[in-house]
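Undergrad: The structure that follows is given in the form of structure tokens.
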Amino acid sequence: MSVDLSREDGVAVLTVNRPDALNAFDVATLSDLRDHLRQLAEESEARVVILTGAGDRAFAAGADIKYMSGLDVDGAKKWGELGHEVGHLLETMPKPTIAAINGFALGGGCELALACDFRYASSNAKLGQPEVNLGIIPGWGGTQRLARVVGLGLAKELVLTGRVIDADEALRIGLVNAVYEPGELMPKTLEVARGLAAKAPLALAAAKEAVNRALAGDHGDNLDREADYFGELFSSEDATEGMTAFVAKREPRFTGR
Ligand code: CAA
């Protein structure tokens, strides 16, 4: 298997495991990641998903350039579609997804991190969209998601120059949420994930879907949808539990119903 899955309580950790190629995605690795994500999206026991890379050098150095060098137009379009499906799963599955960026996150690696809900980086991380240096462009969502995360001006600069940035710059421009020393990255990421796993899953799913709409579609429609979700959650046992626990000055125990 080229992507390892481990579980700890409600937290699923997916580790891209091709360290000899700096965790670059070939067809087997990307298909394996897609299959894991499809399964985790459906599993109620998996409350949070973390995506990271094996070893201490790379999250993922992008799509496998050796594989791509033999693709024709149809093959490249299918390859792009597979990457888009993986990004879509990370972005829309009804539970939080977190990228723990433990080194290079380049090209498709940066794009899949961008599809996650949060990004935490180690201080030795390097991020960028260097595809233009290969005569191509980001093909797994980078042209759209990078602009949404860091703004149009910076996204254009990074995509058109292919400039690779360090973790501190990524933090400054909002590309990552926090930076930790390499040994602290997974402990800190797991701490956040465990906190999320203890929250009400229906509220997290509704919150994620509502916020995902913030930069797309009609603002008025999106506000109407937020009002619907807000109201509908009042029929959940977890909303009753959360508000009752607050009033009783005790910790809530959420069940996902
Ligand atoms: N594809 C295939 N193999 C890769 C790879 C990639 N994206 N990135 C690294 N590797 C392989 C190298 O070929 C090398 O393997 P061999 O030892 O068998 O030659 C191994 O990983 C280690 O890499 P380097 O020797 O190059 O390590 P380095 O420390 O000198 O450089 C690096 C590290 C700067 C990340 C450099 O490897 C690099 O520039 N990699 C390519 C990054 C890139 O351009 N990514 C974008 C890919 S295109 C894409 O992702 C398209 C898309 O949008 C979907």
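Only the coordinates and a few stated rules stand behind these numbers; no lab work does. All figures in this text were calculated on a predicted structure; none of them were measured in a lab. Heads up, the Cβs are rebuilt from the backbone with ideal geometry, glycines too, and the neighbour counts pull from every protein chain shown.
Undergrad: Work out the P(r) tail for the chain: percent of alpha carbon pairs separated by more than 29 Å, whole number.
TA: I get 31 percent for the Cα pairs in the chain exceeding 29 Å.
Undergrad: Helix 152-161 sits at what angle to the longest principal axis of the chain, using alpha carbons and giving 0 to 90 degrees rounded to 10?
TA: 30 degrees
Undergrad: Once you've got the GNM for the chain with C-alpha springs shorter than 10 Å, pick whichever of LYS199, LYS156, LYS66 has the biggest mean-square fluctuation.
TA: Among LYS199, LYS156, LYS66, the largest GNM mean-square fluctuation belongs to LYS66.
Undergrad: To the nearest 20 Debye, how big is the dipole of the range 15-144 about its Cα centre, given +1 on the beta carbon of each Lys and Arg and -1 on that of each Asp and Glu? Working shown, then result.
TA: Working: 11 positive and 17 negative charges, 67 e Å.
Charge dipole of the range 15-144: 320 debye, to the nearest 20.
Undergrad: Nearest-5 percent of antiparallel DSSP beta bridges in the chain? Can you show the working numbers first?
TA: Numbers: 8 of 30 bridges.
The antiparallel proportion sits near 25 percent.
Undergrad: Grab the Cα-Cα distance for LYS156 and SER6, subtract it from 0.36 nm times how many residues apart they are, and report the gain in nm with one decimal.
TA: Gain on extension, LYS156 to SER6, equals 50.3 nm.
Undergrad: Still on this model: Rounded to the nearest 500, what is the chain's calculated 222 nm mean residue ellipticity when only DSSP H runs of at least 4 contribute -39500 (n - 2.57) each, over all residues?
TA: Calculated at 222 nm, the ellipticity per residue is -15000 deg cm²/dmol.
Undergrad: Convex hull volume of the Cα atoms in the range 1-154, per residue, in Å³?
TA: Given the Cα convex hull of the range 1-154, per-residue volume reads 108 Å³.
Undergrad: Would you calculate the separation in nanometres between label points at THR92 and ARG253, each defined as 7 Å from the Cα along the Cα-to-beta-carbon direction?
TA: 3.6 nm
Undergrad: Further question on the same structure: Under a cut-off of 17 Å between alpha-carbon atoms, report the lysines in cross-link reach of LYS78, not counting same-chain residues fewer than 8 places apart.
TA: Cα-Cα hits under 17 Å: LYS66.
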